[in-house]
Amino acid sequence: MDFGDTPAEAAFRAEAQSWLEANAPAKGSPEAFNEMFNPGINAGREEEMAGRARAWQARLAADGWACLDWPTEHGGRGASTMEAIIFEEEQSRYGVVMSIFMAALDMAAPTLMAWGTDEQKRRFLDPIRRGEMVFAQLFSEPNAGSDLAGLQTRAVRDGDEFVVNGQKVWNSYAHLADWGILLARTDSDVPKHQGLTYFFVEMDTEGLEPRPLRQITGGAEFNETFFDDVRVPAENVIGGVNNGWAVAQTTLNSERAAVGAQSSRVDVPALVELARRKDQDGDPAVRQSLAEAWIRSEVLRYLGMRVYTALSQGTEIGPEASITKILAGDHIRDTSQTAMELLGPEAMLNDDSWVWQMVGHFAHKIGGGTPEIQRNVIGERILGLPREPRADKGVPFRDLKM
Ligand SMILES: Cc1cc2nc3c(=O)[nH]c(=O)nc-3n(C[C@H](O)[C@H](O)[C@H](O)COP(=O)(O)OP(=O)(O)OC[C@H]3O[C@@H](n4cnc5c(N)ncnc54)[C@H](O)[C@@H]3O)c2cc1C
């Protein structure tokens with residue numbers, strides 16, 4: 001199989017390159033907004049970065065480059081999956097990191113496409129594409145991260161609304177978001193996976209309060225989010241009452257693939273350049289590390305294509321996204337480690353993006369599910385190994401000792 005561009009793809013890549021060259025900010029330029037890898041540099045500037053990302057998404061949409069592979073009825077270009085990958089590859093060479101849109105583009109939108117009613121798709125997909133709706137994922141709780149189905153936030157039906165009470169945590173960009181994707185418990189009399197419902201909730205609803213958590217990097221991307229009698233219209237239920245666990249699987253699989261794809265875009269040519277600058281490109285051990293970094297990045301590229309090919313054939317992203325996520329986490333860790341060895345003491349003096357990548361690599365491994373959980377998914381759903389022993393199987397949620 002030849003993974004090089006076909007003539008049509010090469011022409012598309014050239015068109016994308018020339019549009020990006022004319023419109024996208026260069027990496028490291030004052031207009032760049034690469035917040036993901038530079039939390040230290042961008043600490044306190046989250047709103048400004050969010051504004052730039054919103055403006056960029058609007059620009060992409062206006063010029064026909066946003067959500068390329070979405071169906072045309074939802075404002076996409078109906079482009080092939082390969083064209084969407086090519087555009088992402090080219091865009092990643094610029095000072096543009098769209099992590100603030102991850103929950104909208106890579107979680108809310110695919111979930112809506114799979115589970116939303118026609119009315120919900122009409123209401124949300126086009127504004128998401130145009131960068132008018134930043135979403136936050138409101139899933140994790142103080143007692144429910146890996147064991148997400150154990151969540152305790154309650155949503156109680158009251159006429160045409162649900163009343164939500166509880167607390168979420170680690171909600172990336174919730175303080176900057178317009179909407180949240182919320183998983184809440186609507187039935188405690190059934191086993192824990194069966195009583196959950198998936199909602200879209202407007203972040204400025206009365207009683208809903210995200211409180212930013214200041215991190216050791218100085219940045220504040222995460223929040224604890226409190227719900228105090230928050231009223232959510234029943235029309236904002238996605239995929240049916242008490243069907244939230246199945247709906248959330250679409251979100252989680254897309255999230256793993258997206259986190260994996262984002263983490264896998266480590267700038268290996270920049271690492272080679274660093275080795276040259278430090279005059280260490282002739283060192284056999286350094287050359288070995290550089291070659292390994294290149295091999296990892298190529299393997300990840302092909303794994304990413306596998307995931308997207310499955311998507312283009314109408315199959316949802318499945319457990320294979322867990323493989324990409326584990327490898328991408330290891331890649332970002334090992335590549336940053338090589339950069340630290342090359343930089344030596346300079347690493348401690350510089351606000352270098354490699355340093356922020358090194359301190360931030362744990363986030364990539366944990367966000368979207370820890371490596372241990374991904375290994376459980378692979379063991380159970382790909383290799384067919386026995387499932388983890390579960391004391392809560394078949395037990396109504398209200399009878400569990402939490
Ligand atoms: C960068 C980042 C962004 C995030 N963004 C969001 C967000 O926007 N919205 C949101 O809702 N959440 C978000 N999270 C939260 C994230 O989903 C959770 O941190 C993650 O699922 C782990 O849950 P936890 O922190 O409660 O750890 P725990 O579940 O308490 O896990 C602690 C340790 O125990 C291990 N462990 C737990 N269960 C098992 C098991 N069954 N088998 C083997 N090992 C196990 C874990 O692997 C881990 O090492 C984010 C986290 C990070 C780091």
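Read-outs throughout are calculated quantities, based only on the coordinates presented, and are distinct from any laboratory measurement. Everything numeric in this text was worked out from a predicted model, so none of it was measured. Don't worry about glycine lacking a Cβ; one is built from the backbone with ideal geometry, like all the others, and counts go over all protein chains shown.
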Inset, instruction - Mind sorting K393, K168, K365, K278 by how few other Cβ atoms lie within 10 Å of their own Cβ, fewest first? - result: K393, K278, K365, K168
Inset, instruction - Give, as a single signed number, the net charge of other residues whose beta carbon lies under 12 Å from the beta carbon of A234, with Lys and Arg counted +1 and Asp and Glu -1. - result: -2
Inset, instruction - About the Cα centre of the chain, how large is the charge dipole given +1 on each Lys and Arg Cβ and -1 on each Asp and Glu Cβ? Please answer in debye to the nearest 20. - result: 760 debye
Inset, instruction - Report the local net charge at V169: Lys and Arg +1, Asp and Glu -1, summed over other residues whose C-beta lies under 15 Å from its C-beta. - result: -2
Inset, instruction - Round to the nearest 10 and give me the degree value, 0 to 90, for the angle of helix 320-343's Cα axis relative to the longest principal axis of the chain. - result: 40 degrees
Inset, instruction - Using Cα pairs closer than 8 Å and at least 6 residues apart in sequence, work out the relative contact order for the chain, in percent. - result: 15 percent
Inset, instruction - Answer with one residue from M358, A258, M348: the one whose Cα lies farthest towards the positive end of the charge dipole of the stretch 248-382, charges on Cβ with Lys, Arg +1 and Asp, Glu -1. - result: A258
Legend entry - Euclidean distance of C-alpha centroids, the stretch 333-371 and the stretch 164-194, integer Å: 31 Å
Legend entry - Between helix 118-129 and the chain: long-axis angle, C-alpha atoms, 0 to 90°, nearest 10: 30 degrees
Inset, instruction - Kindly put R13, R54 in sequence by how many other C-beta atoms sit within 10 Å of each C-beta, fewest to most. - result: R13, R54
Legend entry - ³J(HN,Hα), Karplus 6.51/-1.76/1.60, whole Hz, each residue of the stretch 239-249, x for Gly, Pro: x, x, 5, 6, 10, x, 5, 5, 5, 5, 5
Inset, instruction - Please report how many Lys pairs in the chain have alpha carbons closer than 15 angstrom, counting only residues at least 8 apart along the chain or sitting on separate chains. - result: 4
Inset, instruction - Of the DSSP beta bridges with both residues in the stretch 138-296, give the percent that are antiparallel, rounding to the nearest 5. - result: 95 percent
Inset, instruction - Calculate the dipole size of the stretch 205-259 relative to its Cα centre from +1 charges on Lys and Arg beta carbons and -1 charges on Asp and Glu beta carbons; express the result in debye to the nearest 20. - result: 240 debye
Legend entry - Translational diffusion coefficient (Stokes-Einstein; Kirkwood radius from C-alpha pairs) of the chain at 10 °C, 1.306 mPa s, in µm²/s: 71 µm²/s
Legend entry - Semi-axis lengths, Å, the stretch 248-382, gyration tensor of Cα atoms, sqrt of 5 times eigenvalues: 31, 15, 12
Inset, instruction - Provide the net charge surrounding R93, with neighbours chosen by a C-beta distance below 9 Å and charges set as Lys +1, Arg +1, Asp -1, Glu -1. - result: -2
Inset, instruction - Report, in debye and to the nearest 20, how large the dipole of the stretch 294-402 comes out about its Cα centre when Lys and Arg carry +1 and Asp and Glu carry -1 on their Cβ. - result: 600 debye
Legend entry - On Cα atoms only, tilt of 7-23 relative to the major axis of the chain in degrees: 90 degrees
Legend entry - Peptides ranked, highest mean first, by Cβ atoms within 10 Å: ranges 370-383, 77-90, 322-335: 322-335, 77-90, 370-383
Inset, instruction - Order by neighbour count: D392, D147, fewest other Cβ atoms within 10 Å first, most last. - result: D147, D392
